[in-house]
Amino acid sequence: MTNFKTGGPWITRFAPSPTGVLHLGNVRTAILNHLLARQSGGKFLLRLEDTDQERSTFAAEAAILWSLSWLGLAPDEPVRHQSLRLPLYRRTVERLLAEDKAYPCFCTDTELERERQQAAADNLPPRYSGRCAKLSKDERIERLGQGLPHTVRFRSTSEADIRFADLIKGEISVPATAFGDFVLLRSNGWPSYNLAVVVDDMDMGVNLVLRGEDHLTNTARQILLYRALDHIPPSFAHHGLLVDPEGKKLSKRSGALSIPECIEMGLKPLAVTQFLASLSGALPTKSLFASLEDMARAFNPFALGRGNAVMNIEELKSLSARVFRAEDPSGVVATLDQTLSEDDPWHSLDEQNRRDLVSSLRENASNLEELRSLLPHFTARELSFTPRSMTELAQSRPLLAALDQALAAHQPESRLSKEAVAALLRQIGEQAGVKGRLLYHPIRLALTGFESGSELTALLTLLPVNRLRERITAITIFPHCNHKE
RNA sequence: GUCCCCAUCGUCUAGUGGCCUAGGACGGCGGCCUCUCACGCCGCUAACAGGGGUUCAAACCCCCUUGGGGACGCCA
């Protein structure tokens, strides 16, 4: 039997319909397909299922492609559009028609709707009755001749249950009665989902279909189609769905984040991919990965979980913060170089200083935005204080004077070493007769304007001596009061 | 309603009949570090849904119950 070990290399695909933005549920499927293809030395393909003319938009298509590229999920072959391959689907349907494996159906929407309501009232499954399947050859020719609008349906009457070995779930059995004759070609000439999927997966050489378990019954339909077309079906693997903390279907407010929203929140793409893959059980959360390739190497398809996965935003955020703190600071430095306004004091810092600043501040931030908001602690030209802080500073005047004096002994342009800072703090602490909070807190306040932040000794090494003294002088002359409190 | 799938700490999971007194991660709680917040480190917490079988032995195999999810479109 084929399984993740004996099969492969896997040619996988992600096949979204361009009808909206990608959310975490969709993306999980894409990531799993991508990692599996990479891990097995196969290929990851991308196909846009834009056969619904009413709902598909170019804006959605662009957003999807953009989101995938943000995640780093580039396909190995050009993106395929189903809307560009209509003749292929049509030819396939004609073949099935000729072999009497499909038939035209002239039932109208209202007729079908009435049937469904009747079935519901009778507590029967809402399925197509197969009325048009029984039409005689002459009746068919006559109606076709009249140019009546019609769909083409597949004769799905199978006497045996449809069985297949799902690579994640194991043996699956779908009863032959689970669905009726389904539509292959709509009355507007466009293919239905099931037809297009089968034709394209065959044509693209896809050998593993990995998708959400909401497609389980579609799989049975598709297997029937493969048989009708004398083609061996690919392997199938169905993962559980993403659900909210209550176990309900993921809704907007329960964490159905879209990728644009993830970007807005400052989440790291690698964190999103790792989180989603680990939610499926196929990747550990403990270690961090440097790249998607790294992740693919560690990816274990055997561990893919069968059940649903509960979306936990806090866990995603915490993973993202870890990723953010672990990456090389130069990327962040470069981003700040480009995005901070030209007159921002940031640009007056030298390269080493900028790196040190980022490394230090990052410990208190979980993403770029938070880091950016901490920057003024160090770079602001003028600090402002609350009345309460000013009281504390006034009381600490002797201490601050001692600090200023001690700083005067150092080169104005230089930055202090950690050791020098430690010695200096000890010295002025003794001089002013204070220690602990009474020593550190006023200094932090005076130098940053904030009551909390990164380690004080690191802080003192980050600014050149003259800047430190400027700040102390500023508050002893006339500090800015923050009236907002 | 019918059919399908799923069921281990709060969450993601390890577990494929004896290595299970059920392991890890995240969270929570406590502590250490510490001027603060965060990071980091240490410790603790907490689960086999219930009931029947099979077996010398069951988290693991079978059945039932319960709970959850999904599917039943000229959407994908």
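Listing for the model above:
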| item | result |
| --- | --- |
| Where A:Arg116 falls short, out of the listed (1) in a helix (DSSP H, G or I); (2) charged (D, E, K, R); (3) touching a residue at least 40 places away in the same chain (Cβ under 8 Å); (4) within 14 Å of RNA strand B (Cβ to nearest atom) | (3) |
| Segment A:183-194, subset in a loop (DSSP other than H, G, I, E, B), within 7 Å of RNA strand B (Cβ to nearest atom) and in contact (Cβ under 8 Å) with a residue 40 or more places away in the chain, residue farthest from A:Trp10 (Cα to Cα) | A:Asn188 |
| Restricting segment A:293-328 to residues that are of a type in the set (D, E, K, R) and open to solvent by less than 70 Å² (accessible area, probe 1.4 Å), the residue that is farthest from RNA strand B (Cβ to nearest atom) | A:Asp294 |
| Single condition A:Tyr128 does not satisfy, out of (1) touching a helix residue (DSSP H, G or I) at 6+ places or on another chain (Cβ under 9 Å); (2) within 25 Å of A:Ala30 (Cβ to Cβ); (3) near RNA strand B (Cβ under 10 Å from one of its atoms); (4) not small (Gly, Ala, Ser) | (2) |
| Residue ID - nearest to the chain's Cα centre (by Cα), chosen from residues in segment A:319-351 that are modelled with pLDDT of 85 or more and polar (S, T, N, Q) | A:Ser320 |
| Candidate set from segment A:329-378 (those that are acidic (Asp, Glu) and more than 17 Å from A:Leu456 (Cα to Cα)); member that is surrounded by the most Cβ atoms within 10 Å (Cβ to Cβ) | A:Asp344 |
| Some residue of segment A:234-242 being crowded, with 16+ Cβ neighbours inside 10 Å, in a helix (DSSP H, G or I) and either within 30 Å of the chain's Cα centre (by Cα) or within 10 Å of RNA strand B (Cβ to nearest atom) (or both) | no |
| Residue list for segment A:155-177, restricted to those being within 30 Å of A:Ala282 (Cα to Cα), outside any strand (DSSP E or B) and more than 11 Å from RNA strand B (Cβ to nearest atom) | A:Leu167 |
| Qualifying positions in segment A:40-62 - assigned to a helix (DSSP H, G or I), away from RNA strand B (no atom under 16 Å from the Cβ) and open to solvent by 60 Å² or more (accessible area, probe 1.4 Å) | A:Ala59 |
| Only listed residue being in a helix (DSSP H, G or I) and either at pLDDT 95 or above or open to solvent by less than 10 Å² (accessible area, probe 1.4 Å) (or both), chosen from A:Val197, A:Val152, A:Val206 | A:Val197 |
| A:Thr6 being open to solvent by 60 Å² or more (accessible area, probe 1.4 Å), under 24 Å from A:Ala303 (Cβ atoms) and within 15 Å of RNA strand B (Cβ to nearest atom) | yes |
| Residue match in segment A:330-338 (condition: among the acidic types (Asp, Glu), within 28 Å of A:His238 (Cβ to Cβ) and in contact with a helix residue (DSSP H, G or I) (Cβ under 8 Å, 6 or more places away or on another chain)) | no |
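Results for (1) under 51 Å from the mean Cα position of the chain (by Cα); (2) surrounded by 15 or more Cβ atoms within 10 Å (Cβ to Cβ); (3) of a type in the set (S, T, N, Q), shown as yes or no for each residue.
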residue: A:Thr391; (1), (2), (3): yes, no, yes
residue: A:Ala394; (1), (2), (3): yes, no, no
residue: A:Arg397; (1), (2), (3): no, no, no
residue: A:Pro412; (1), (2), (3): yes, no, no
residue: A:Val421; (1), (2), (3): yes, yes, no
residue: A:Gly429; (1), (2), (3): yes, yes, no
residue: A:Lys435; (1), (2), (3): yes, no, no
residue: A:Tyr440; (1), (2), (3): yes, yes, no
residue: A:Ala446; (1), (2), (3): yes, yes, no
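The values are calculated or read from the model by the stated rules, or taken from the named source; none is laboratory data. What you are looking at is a predicted structure, and each value in this text was computed from that prediction instead of being measured. We place every Cβ from the backbone using ideal geometry, glycine too, and count neighbours over all the protein chains shown. These accessible areas exclude ligands, DNA and RNA; they are computed on the full protein's heavy atoms, side chains included. Shrake-Rupley method; radii C 1.70, N 1.55, O 1.52, S 1.80 Å.
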